[in-house]
Amino acid sequence: MFMKSTLLEWLWFVYYKIRNIFIMTIYPYHIDIMKNSLTFYFKVNRDRQRALRKFLDKKNSDTLAILGSGSSVLELGPADFEKLSEIDTVGLNHWCYHSFVPDYYYFEGFGSGQEHALWFDNIYSKEYESTFFIGNTHSIFNNYGNLYRFQNVIPRKVRDNITYITSYPLIVENSQQLNSKHKELFTKIESFGGNFYSVKGSVSVLLQVGYLLGYDNILLVGVDLNDKGYFWKNWDIKTHRQKNEGDGSGRHKTASNSDYIGIQDYVFFIDSKVLKSEGINLRLATEKSLLYPEIDTDPRFVD
């Protein structure tokens, strides 16, 4: 399945370049780009087929903490981060703006303009050499048009340590449509070469990663959803001090259910139908989450 999705991505890139060749003057470097891209895609395929063992070897705890960017992160103190350092952690998208360096890092893109530059600056300035990165090829391809070109503009400390996965958006119109098919899609992934599915946000993908890696406990940190705030928008990235820029009121866009189900509905479904049935505990680091009280808090972080 992965090889199929990888070739489809490359074939789309070939079509795009051939179209440009016919529209514009033929440049020899187009052929070189396509040749290098194809070679790179086959390398990506080989690497992520082998990645599961690498990740399992790095695993050092029975708990994986998913580090979101909600404003509740600002309420975590030194004692909380000491506890996080004792378990396995995976940062999400813009987590690098925080001083805490996770074991794993999942990204779909870096934004544009100042956000793009700040992402690179923070990765360069922190100790990310031993962090395992997980890149979403579907999102990267949509945002950048060429995975090979993207690979050549990111920092070497990231480039040499990325496992690329393919995650496809899965649209569900209402909670009644969540059924055995979605349970099967969640549980059938056996390697990083499988097809992951995103339902209203990155958290759904990382729940699948935690399940694939066999964690007994999954902790959601900064997955607030009940407001639009991000800790890094209320945070001086250079001094790591809080600043005041509004309360970010209103639900997070991934929790909106005006047209389709929100991420909270999917999390409740997966927790009930998959995680609990297999003895996997899903917990929160704060009560200030839209997922509470349906998802309970972890006593290590909430008294």
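Quick look at the numbers
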| item | result |
| --- | --- |
| Cβ-defined net charge surrounding PRO102, 15 Å radius [Lys, Arg +1; Asp, Glu -1] | -2 |
| Cβ crowding within 10 Å averaged over residues, with 263-270, 76-83 ranked highest first | 263-270, 76-83 |
| Chain lengthening between ASN195 and GLU75 when straightened (0.36 nm per residue, less Cα-Cα) | 39.6 nm |
| VAL153, VAL90, reordered so the largest accessible area comes first (probe 1.4 Å) | VAL153, VAL90 |
| ASP227, ASP47, ASP296, ranked by accessible area, largest first (probe 1.4 Å) | ASP296, ASP47, ASP227 |
| At R0 = 22 Å, FRET efficiency that the Cβ-Cβ distance of LYS181 and VAL302 yields, to 0.05 | 0.05 |
| Probe 1.4 Å - accessible area at TYR230, Å² to nearest ten | 60 |
| Low-density loop positions, trypsin sites (Lys or Arg not before Pro), the stretch 159-193 - DSSP coil, at most 16 other Cβ in 10 Å | LYS188 |
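The values are calculated or read from the model by the stated rules, or taken from the named source; none is laboratory data. Values in this document were obtained by computation on a predicted structure and should not be read as measured data. FYI the Cβ positions are ideal-geometry reconstructions off the backbone, even for glycines, and counts take in every protein chain you see. What goes into the accessible areas is simple: the full protein's heavy atoms, side chains included, and nothing from ligands, DNA or RNA. Shrake-Rupley method; radii C 1.70, N 1.55, O 1.52, S 1.80 Å.
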